[in-house]
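The values are calculated or read from the model by the stated rules, or taken from the named source; none is laboratory data. Everything numeric here is computed off the predicted structure, so don't read it as measured data. Cβ sites come from the backbone with ideal geometry, for glycine too, and all protein chains shown count toward neighbours.
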Amino acid sequence: MSPGRRKKASHPDTREEARGPRTRGLPPADPSFASLEQAYRRLEHLYEISKLFASFESVAQSFDPALGILAQSLPLRSAVLIQTENGQSRMITWPSELQDSERMQAVRRHAEDSYAYLVGAESTESLALTEQPGKTLLPRQELRQGDAEKRFIVIPLVVAQHSLFGALQLEAAMALDKKDLIFVNAIANQLAIALDRDRAWRRDITRREDAEDERAQAEERGATSDRDRLVAESLSDKYEALASENARLYKQSQLSVRVREQILGVVSHDLKNPLSTIFMAAGALAQRGALEGQATEISQGIGRIQRAAERMMRLIDDLLDFASIELGQLSIKRQPNDAGSMINETLASFERVAKEHRLKMTFEVEPRLPKIFCDRDRILQVLSNLVGNATKVTAAGGHITLKVEAHENQSVFAVADDGPGIRVDDIKHLFDRYWRSGEAKYRGTGQGLAISRGIVDAHGGRIWVESEWGHGATFRFTVPLA
């Protein structure tokens, strides 16, 4: 598939006319920001998908959720997975919402024709494909203009030095380009490794069971015949073959781990460093503009650049924090800290937001509160996440309260709001990464609460929520006393 061409955005000439008046306009939106954010999102999604495949259990339990993550990066209309094992081929299809049967039939034919070509089959009928539906229903996507054939990507599933054993077909709502192909190819490669590892593991189990049955039968008969003795002797050879297969699977697993580490390296270096440069340059421009009395429109444009850079920096930091939490390597530097001053610092950082949203923020700190033993910056990060969420769900004129009190050998922090509250069914998922309630009406990545839980756990505390639908919510977490 050849990448579609994209017309470069034109930039107005801002040079001054020789005799015209001096004018300054608003800087044009830089498409590189959108491209940079898309690259970050895709790296983040690829990282999440690689984790699912590293612990692959089945197509339903591992690929279905991976497909849901992929649909956040590509506007998918359908997906088809074909696998061949022991001479039998199976096709699993995932349509999008309200996808008509005639369209899905065309999608299946496209997948069958492509797979027949890849394996060199004489016809699609010779494949003898059996079909079953996937569990995930992709979000509805309206077709966009573009070459219809370029909406499809078909990637063969094959592992080095092994035969092709399947294919992954994705259909998008728009024409796909080279960057989309590279992204999907990275996912398909990891899927192939995961499926191959799963197939080998199942073969291993079958061989072990067969070997055990043969050994038991030989022992039962006392190995009286030459054939039985030969079978018993061959068991050691089979176990050696199994050990070799397990070593290959271990090598593939290590490769998946290295791929994840490389992704983190790209995020932390290749994205974060340029963002830091953009952030510092925007700050310098803003300072120079203020000194020279530049037009307000210029200052607003620079402000937008700064806010975009700040937001992406937070997203990158969140990804790196969560990766560190999962690896058990989150940096925690504990020392005695005053909990009351941390409450005051949090309130001060949200003073402007509270004023803009017309929210009343108060605090309650227990007198003579003992110091807590914690990483100050990390606990401030938890408080910021909780208060930030509260400001997003609380209506204008609402009230947010921060509390901290000592209880036995720990301090208990609380952030309470009088927002809409949380449904009972949602509470059990609230601290899951990327999970967002259907009631959420604000933008977010679904990582803040998961990261907060990781930070609190690393301090030896716990975090939970108390809420009744329609009556606000109170988040509490504990930190050990010094």
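Based on what the data block shows, is residue 57 within 19 Å of the chain's Cα centre (by Cα), farther than 18 Å from residue 171 by Cα and acidic (Asp, Glu)? So that I can check it myself, show each step before the final result.
On the way: within 19 Å of the chain's Cα centre (by Cα): yes; farther than 18 Å from residue 171 by Cα: yes; acidic (Asp, Glu): yes.
Here the answer is yes, as residue 57 does meet what is asked.
Would you pick out the residues in the range 339-354 that are surrounded by 17 or more Cβ atoms within 10 Å (Cβ to Cβ) and of a type in the set (S, T, N, Q)?
Residue satisfying the conditions is 346 alone.
What are the residue pairs meeting all of these: first residue in the range 79-105, first residue touching a residue at least 40 places away in the same chain (Cβ under 8 Å) and within 20 Å of residue 121 (Cα to Cα), second residue among the basic types (Lys, Arg) and not in a strand (DSSP E or B), Cβ atoms under 8 Å, and 6 or more apart or on different chains?
Close Cβ pairs (under 8 Å, with a partner that is among the basic types (Lys, Arg) and not in a strand (DSSP E or B)) amount to 80/108; 85/199; 91/108.
If a residue must be of a type in the set (Gly, Ala, Ser), touching a residue at least 40 places away in the same chain (Cβ under 8 Å) and either more than 20 Å from residue 62 (Cβ to Cβ) or part of a strand (DSSP E or B) (or both), how many such residues does the range 152-191 contain? Can you show your working first?
Filtering the range 152-191 for residues of a type in the set (Gly, Ala, Ser) gives 160, 163, 166-167, 172-173, 175, 186, 188.
Now restrict to residues that are touching a residue at least 40 places away in the same chain (Cβ under 8 Å): 166-167, 172-173, 175, 186.
With either more than 20 Å from residue 62 (Cβ to Cβ) or part of a strand (DSSP E or B) (or both) added as a condition, the list becomes 166-167, 172-173, 175.
Of the residues in that region, 5 qualify.
Test of understanding: among 373, 350, which residue is free of Cβ contacts under 8 Å to residues at least 60 places away in the same chain, closer than 21 Å to residue 451 by Cα and aromatic (Phe, Trp, Tyr)? Explain how you work it out, then say what you get.
Values: 373 fails: free of Cβ contacts under 8 Å to residues at least 60 places away in the same chain.
None of the others qualify; the one that does is 350.
Here is a yes/no grid of residues against (1) under 23 Å from residue 480 (Cβ atoms); (2) under 24 Å from the mean Cα position of the chain (by Cα); (3) free of Cβ contacts under 8 Å to residues at least 60 places away in the same chain:
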| site | (1), (2), (3) |
| --- | --- |
| 384 | yes, yes, yes |
| 391 | no, no, yes |
| 406 | yes, no, no |
| 409 | yes, no, no |
| 414 | yes, no, no |
| 423 | no, no, yes |
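On the basis of being part of a helix (DSSP H, G or I) and either in contact (Cβ under 8 Å) with a residue 60 or more places away in the chain or under 21 Å from residue 59 (Cα atoms) (or both), does residue 112 make the cut? Working first, answer last.
On the way: part of a helix (DSSP H, G or I): yes; either in contact (Cβ under 8 Å) with a residue 60 or more places away in the chain or under 21 Å from residue 59 (Cα atoms) (or both): yes.
It is true that residue 112 is part of a helix (DSSP H, G or I) and either in contact (Cβ under 8 Å) with a residue 60 or more places away in the chain or under 21 Å from residue 59 (Cα atoms) (or both).
Among the listed residues 119, 80, 107, which satisfies the condition of being under 20 Å from residue 183 (Cα atoms) and aliphatic (A, V, I, L, M)? I'd like the intermediate steps shown before the answer.
Details: 119 fails: under 20 Å from residue 183 (Cα atoms); 107 fails: under 20 Å from residue 183 (Cα atoms).
Criteria check complete, one pass: 80.
Return yes when residue 422 is at pLDDT below 90, in contact with an Asp or Glu (Cβ under 9 Å, 6 or more places away or on another chain) and either in a strand (DSSP E or B) or surrounded by 15 or more Cβ atoms within 10 Å (Cβ to Cβ) (or both) and no when it is not.
On the way: at pLDDT below 90: yes; in contact with an Asp or Glu (Cβ under 9 Å, 6 or more places away or on another chain): yes; either in a strand (DSSP E or B) or surrounded by 15 or more Cβ atoms within 10 Å (Cβ to Cβ) (or both): yes.
When the stated conditions are applied, residue 422 passes them.
Does residue 378 satisfy being under 25 Å from the mean Cα position of the chain (by Cα) and free of Cβ contacts under 8 Å to residues at least 60 places away in the same chain? Reasoning before the result, please.
Numbers: under 25 Å from the mean Cα position of the chain (by Cα): yes; free of Cβ contacts under 8 Å to residues at least 60 places away in the same chain: no.
Judged against the criteria, residue 378 is not a match.
Name the single residue, out of those in the range 159-199 being among the β-branched types (Val, Ile, Thr) and within 20 Å of residue 110 (Cβ to Cβ), that is surrounded by the most Cβ atoms within 10 Å (Cβ to Cβ). Can you show your working first?
Of all residues in the range 159-199, those among the β-branched types (Val, Ile, Thr) come to 159, 182, 184, 187, 193.
From what is left, the residues that are within 20 Å of residue 110 (Cβ to Cβ) are 184, 187.
Values: 184: 21, 187: 24.
So the residue we want is 187.
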